[in-house]
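Contents: one structure, followed by commentary.
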Amino acid sequence: MTRTHIREFHGDDLDQLVRLWGHVTRDADTPIYSLAEVIASCQADHAVVAVRGTEIVGAAVGRAAHAQGWIVFFGVDVPDEDGALHAALLDALERRMASLGLSKLSVLLPEDGVIDRFTDNSFAVHHAVRYLERDMPVQRRELEALKEVGGRILPRNLWRKVAGMTREKTLLEERLVTPLSRPDLAERFGVVPPRAVMLFGPPGTGKTTFARAVASRLDWPFVELFPSRLADGGGLAGALRSSFEAIGELEHAVVFIDEVEEIAAQRGGTPPSPTQGVTNELLKQVAEFRESEGKLLICATNFVRALDAAFLRHGRFDYVLPIGLPNADARRAIWGRYIPSDDAAGIDLDLLVGESDGLTPADIEYAARRASQEALARSLRDETDAGTGLSTADYVRALDNTRATVSPDAIAEFTDDIATLARL
Ligand SMILES: Nc1ncnc2c1ncn2[C@@H]1O[C@H](COP(=O)(O)OP(=O)(O)OP(=O)(O)O)[C@@H](O)[C@H]1O
Ligand SMILES: [Mg+2]
């Protein structure tokens with residue numbers, strides 16, 4: 001019988017190693033380490049093979065993570081009744097990695113995997129562990145494209161941090177998030193996942209906040225395109241085209257264009273306005289963008305009625321959604337964010353929530369900061385007042401001096417726009 005010997009892995013062994021990996025892992029649901037990872041470790045880390053004649057019949061591949069080593073592949077494809085071959089391979093790998101000064105060598109096996117060969121060789125089983133993994137939202141090959149368009153992964157909790165606004169949240173959850181994050185479910189009910197949506201509403205009502213929250217909820221990278229900054233030197237239309245091209249390289253993305261009326265205002269007029277070419281380009285890009293799956297375009301505007309009619313037509317934007325002033329729950333949460341925690345217990349929050357009806361989040365922030373500033377100034381003027389903090393009266397006074405950004409006229413216009421332009 002041909003002798004089996006153990007030696008280091010060479011580049012020429014790759015074909016045979018891939019075959020061995022396929023054999024050994026054929027019954028595994030999903031191998032913990034992918035073939036790509038195993039090959040990377042063969043090339044860059046530590047690997048030994050068992051050779052019989054010219055055939056590779058076993059392999060052990062390891063990598064070091066600081067002081068702990070991991071076996072990323074271990075397989076023997078010939079009978080080994082007494083376990084001698086397993087022992088020899090493990091021994092060779094350990095010796096190969098000895099110079100790294102590892103304190104531990106670990107291995108993950110499938111639940112029904114045979115562990116005897118490891119326990120025979122001084123490995124101890126830990127029962128009280130579970131294996132968990134998460135697919136990272138951006139894969140390594142996409143990093144370059146993501147950087148090019150200035151995209152990034154947002155914190156995971158932004159959706160939860162949008163306070164109140166339950167009507168808008170439910171709408172976005174049902175119309176956008178669920179069909180996009182669960183395409184199988186959408187297909188089952190014949191729902192076509194949306195590709196592009198328009199958010200409109202008065203300034204400061206949370207359009208940007210919602211766009212970011214949707215990206216966070218989907219766990220997709222967020223790419224904001226700034227029309228005013230795109231045209232760095234070159235033409236805006238060309239810049240728009242190359243941005244969308246780079247976005248095409250990403251598997252998933254929420255693309256956000258704020259103040260889209262700047263580049264998609266009503267066309268027409270003679271001579272044509274200089275932005276007309278840009279509007280045309282954007283229309284073209286939206287149409288192309290719609291063809292690719294797994295991405296969502298969100299546009300936001302304060303002036304939905306100023307948008308080019310072709311832009312809002314069916315077939316471009318799946319939904320045209322109004323985002324209005326914050327409701328009581330949202331106002332409560334926004335107040336809560338700005339009132340110092342030492343003072344919170346003594347403040348009549350219900351009163352402030354009622355008094356701030358009609359204000360935007362930004363208005364509330366302004367009033368809260370103004371109250372803080374005046375209370376600080378007062379405590380500096382009057383030593384006896386130091387340490388008493390803020391009272392409800394401070395906030396009410398600040399509210400009296402805060403003008404609502406959104407005028408009654410603007411609210412009337414918004415209500416009009418909802419009736420004529422919204423598409424839910
Ligand atoms: N539901 C909410 N809960 C808590 N904070 C909110 C909420 N909505 C908005 N905010 C806060 O209010 C501020 C203004 O919101 P945002 O920038 O999203 O408004 P916008 O509609 O995009 O405004 P603009 O039209 O001026 O672009 C932000 O600081 C945001 O964090
Ligand atoms: Mg905004």
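Being open to solvent by 50 Å² or more (accessible area, probe 1.4 Å), at pLDDT 85 or above and within 16 Å of ligand 1 (Cβ to nearest atom) holds for only one residue in Glu245, Glu249, Glu259, and it is Glu259.
When restricted to residues that are assigned to a loop (DSSP other than H, G, I, E, B), open to solvent by less than 70 Å² (accessible area, probe 1.4 Å) and closer than 17 Å to Arg52 by Cβ, the range 79-121 contains 2.
Considering Ala371, Ala386, Ala362, the condition of being modelled with pLDDT of 90 or more and either more than 16 Å from ligand 1 (Cβ to nearest atom) or on the phi < 0 side of the Ramachandran plot (or both) is satisfied by Ala371 alone.
Take Ala310 and tell me if it is within 17 Å of Phe200 (Cβ to Cβ), open to solvent by 10 Å² or more (accessible area, probe 1.4 Å) and outside any loop (DSSP other than H, G, I, E, B). Yes; evaluated as a whole, the condition is true for this residue. Any chance the range 313-324 includes a residue that's part of a loop (DSSP other than H, G, I, E, B), in contact with a Lys or Arg (Cβ under 7 Å, 6 or more places away or on another chain), under 30 Å from Ala196 (Cβ atoms) and open to solvent by 30 Å² or more (accessible area, probe 1.4 Å)? Yes, the range 313-324 has at least one match.
Pairs are defined by a Cβ separation below 6 Å, a sequence spacing of at least 6 or placement on different chains, a first member in the range 288-313 that is in the same structural domain as Glu261 (by TED's automatic domain parsing), and a second member that is hydroxyl-bearing (Ser, Thr, Tyr); the pairs so defined are Asp308/Thr279. If you go through the range 177-193 one residue at a time, do you hit one that is closer than 30 Å to Ala412 by Cα and surrounded by 21 or more Cβ atoms within 10 Å (Cβ to Cβ)? Scanning the range 177-193 turns up no residue that is closer than 30 Å to Ala412 by Cα and surrounded by 21 or more Cβ atoms within 10 Å (Cβ to Cβ). Just to check your reading of the model, which residue among Arg369, Arg397, Arg332 is under 32 Å from the mean Cα position of the chain (by Cα), surrounded by 13 or more Cβ atoms within 10 Å (Cβ to Cβ) and either closer than 18 Å to Thr205 by Cα or among the basic types (Lys, Arg) (or both)? Just one listed residue meets the conditions, Arg332. At least 3 residues being touching a residue at least 24 places away in the same chain (Cβ under 8 Å) and within 16 Å of ligand 2 (Cβ to nearest atom) is the threshold, and among the helices (runs of 4 or more DSSP H) wholly inside the range 179-246 those reaching it are 207-218. Checking the range 130-146 against the condition returns no match, with no residue being open to solvent by less than 70 Å² (accessible area, probe 1.4 Å) and at positive phi.
The values are calculated or read from the model by the stated rules, or taken from the named source; none is laboratory data. Quick caveat, the model's predicted, so the values are computed rather than measured. Counting neighbours? That spans all protein chains shown, and the Cβs are built from the backbone with ideal geometry, glycine included. Surface areas here come from the heavy atoms of the whole protein model, side chains and all, with no ligands, DNA or RNA. Shrake-Rupley method; radii C 1.70, N 1.55, O 1.52, S 1.80 Å.
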